[in-house]
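Please treat every number below as a calculation from the coordinates, not as lab data. Bear in mind the structure is a predicted one, so any value in this text is a computation, not a measurement. Backbone-built Cβ (ideal geometry, glycine too); neighbour counts: all protein chains shown.
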Amino acid sequence: MPKMNPNPSVPRRIIRRSDLTVNYEGGLAFTATPKTELVLRILTFLVGEPKFYGDTVTEIEEIQQLIEDVACEDPEFILKLAAYARNEMYLRSAPIFLLVEAVQYDNVKPFVRKYVPQIVRRADELTETIAYFVAKHGEIGKNGKASLPNCLKKGLADALHNFDEYQFAKYAREDKEVKLRDVIRLVHPVPFNQEESLLFKHIKERTLATPETWETEISGKGSTKEAWESIIPKMGYMAKLRNLRNFLKVGVDMTPVVKHLTNPTAVKNSKQFPFRFLSATKVLQGNESGNPFDRTKLIEALSVALELSVENIPKWKGRTFVSCDNSSSMRRTLSEKSSVQRIEVGAIMGALAQKISGCGVASVFGEGFAIVPVDPTGAITPNAFQIMNTNVGHSTYAYKALKYLIDKKIVVDRILIFSDEQCYNEGYTTPYGRDEDFVNNTLYAQLKLYKQKVNPNVYLYSFDLAGYGSLQFPENEPNVCLLGGFSDRIFEFIQKYEENTVTLVETITNYKIKESPKKEDMTDVKEGEQ
C-alpha cells in the first residue's frame, strides 16, 4: 500500500546522501571525486593568488593532495590535465604547477617527457618551470642538493627546440632568479643543427640579438606618437589590448589598431579570455585623455571583437536560462595585480551564453533574484554590464533562481549557473539535524523539485568560477554537467554533453596531444647530472 511505503521527501533523500558536506558559508554542498575536484580547481587556479574564502597555503596543500591521489589512480591524467589547461583553456601558471608537482611521483615519470613540450609553450615558461621546481625542492646542483628528474630534463630539452632566437631574446630576462642560460646548463639540449648550436651558444653567452618589441622600442625612444606607430604593426593582439590607453594618450592613428582588433582570424588566434575585452572596455570608459572619437572607435572595436570570439560556436537549440552570481564574494579580484573581479567574469560568461542561446533569458542572484532584461539581439558587452550592475544584495541565495522557474512553471531546456559556488541556505541547523527549509533552500533540492514539477529532462550546467573544491550538485546527478574555467571554449561542452553526455573529466581523459618530433639521443644526461 502507498501509505505504508511512501516516497521520501526531497529533503530526506538529500540528507541520506553519503557525499554531503558544507561550503565556506556553511551551505549544503557535495564532495567530488579527486579527478573532478582537481579539474575544477586547476581550471580556475591562479597560483598563489588570494581568494575571498580560505588562504593560499591551504589551497595549494589541498591541490597537492589531490595530485597525489590522482597520481595513484591515473598518473597520466595529471599531465593530460596540464596540457589541456594550457592549450584548450589558455592557462599558464597552473599547468606548470601541475607539471612540477607531478614529476615527483615515480608512476607519472614515464609520461612526463612527451607532455612537457605541450605544456611549456612559451620561452619564459622554461625558466618558470625551473623556478617553481627550485622553490619547491631547493637549489639545483652545486648550490644545493636538489636535482631535476631525468624525465623533466629531457622534456625541457625537447621544448627548447620549439623556440627561435626572437622568442628566446624576448624572454631572456636578467632580473629573474632563473635565466634561460640556466635552463641550457641544466638540461644539456643537443642541437638539431649548426644554427641551433649557435643559438644555444648565444643564450649561454648572453649575446642574443636584442628583440624588436614594444617594450624595447618605447624604452629606447620614449612613449611618443612616432615610437608607438613604428612598433604597432609588430605588436601582438594582447600587447595592443594592454596599451590602448597609451595609444589614446599620444594620439596614434587608430586605423591599423582597429583593423587588427576586429580581424576574425586575429581574434581567434589571440586566445583571449572573454573578460579581457570587458576589462579593456572599462579602462577606456574610465579614461578621459586623448581624442574622444578615437576612444569610441576602440570601444566599438572591442565590442566587435567579443562578438567575433563566439561567432563559430553553434547556437543551442531550445530555451536557455542563465543565472549569474552577483554576491559580495564575487567582487574579489582574480589576482592582486588585476582589476578584474569574478563578478565581471560571471557577467561576461553569462552574456556570452545568452548570446549563443537561440532563445535565452538572463538573470542574477544574491540576497534576492532578478530577471535582467538584456537585449537578445544586442551586443554582448552592454548586456554584460547590465548583468553585472543589477543589484540583488550581497548574499548568495542561488536556489531562488530555480525557485523562480518552479513558481512560474517555466519550461526551459537548460539552465546555466555561473558562480563561485559558495551558496547560502535559508533555514536552521538544529541539534537533531538540518530542518526541511535548510535543505529545501538549496540549488540541488530546487533542481530535484524542478524536475518533478516542470521538466524532468532539463540539463543543468554548473560553471565553477573560483575552484574551492565543493560542488553545488552531486557528481552523479543525471543531466548535470560540472564545468570550470574562464575561456569561452568551455561552452563547446554544452552541445557535446547533450549529444553524448561526455563530461569534462572524460574529455580530459581522452585528450590527445601532438607529440613534438624528437630524437632518442636528444639529451644524454643521467639522473642527478648537472
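Rank the residues TYR404, TYR497 as a footprinting-exposure proxy: fewest other Cβ atoms within 10 Å of their Cβ go first. Could you put the intermediate results ahead of the total?
Values: TYR404 18, TYR497 21.
Taking fewest neighbouring Cβ atoms as first place, the list is TYR404, TYR497.
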Once the dipole of the range 313-486 is set up with Lys and Arg at +1 and Asp and Glu at -1 on Cβ about the Cα centre, which of TYR397, PHE463, PRO373 lies farthest towards its positive end? PRO373
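Among the DSSP beta bridges whose two residues both lie in the range 313-486, what percent are antiparallel, rounded to the nearest 5?
Percent antiparallel among DSSP bridges in the range 313-486 is about 25.
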Subtracting the Cα-Cα distance of GLU506 and ARG121 from 0.36 nm times their residue separation yields 136.2 nm
Report P(r) for the chain: all Cα-Cα distances, bin width 20 Å, range 0 to the bin holding the largest distance, values in whole percent. 20, 50, 27, 3, 0
Yeah, the range 259-355 with a ≥ b ≥ c from its alpha-carbon gyration tensor (a/c under 1.5 is rounded, else prolate when a/b outruns b/c, oblate otherwise) is oblate
Counting all Cα-Cα pairs in the range 103-142, those more than 16 Å apart amount in percent to 47 percent
Footprinting exposure proxy for VAL190, VAL364 (fewest neighbouring C-beta atoms within 10 Å first): VAL190, VAL364
Write down the Kirkwood hydrodynamic radius of the range 308-436, to one decimal in angstroms, obtained as one divided by the mean of 1/r over all alpha carbon pairs. 15.4 Å
Using only C-alpha positions, report the orientation-averaged shadow area of the convex hull of the range 174-330, nm², one decimal. 15.3 nm²
Computed over the range 35-205, the distribution of all Cα-Cα distances in 5 Å bins, rounded to whole %, is 1, 8, 17, 21, 20, 16, 9, 5, 2, 0, 0
Nitroxide proxy distance, nm - points 7 Å out along Cα→Cβ at HIS394 and GLN194: 6.9 nm
Separation between the ASP106 and SER289 pseudo-spin-labels, each 7 Å from Cα along Cα→Cβ, expressed in nm? 6.0 nm
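Might you report the magnitude of the Cβ-based charge dipole of the chain about its Cα centre, with Lys and Arg at +1 and Asp and Glu at -1, to the nearest 20 debye?
It works out to roughly 880 debye.
By counting other Cβ atoms within 10 Å of each Cβ, how are SER328, SER357 ranked from fewest to most?
Ranking SER328, SER357 by Cβ neighbours within 10 Å, fewest first, gives SER328, SER357.
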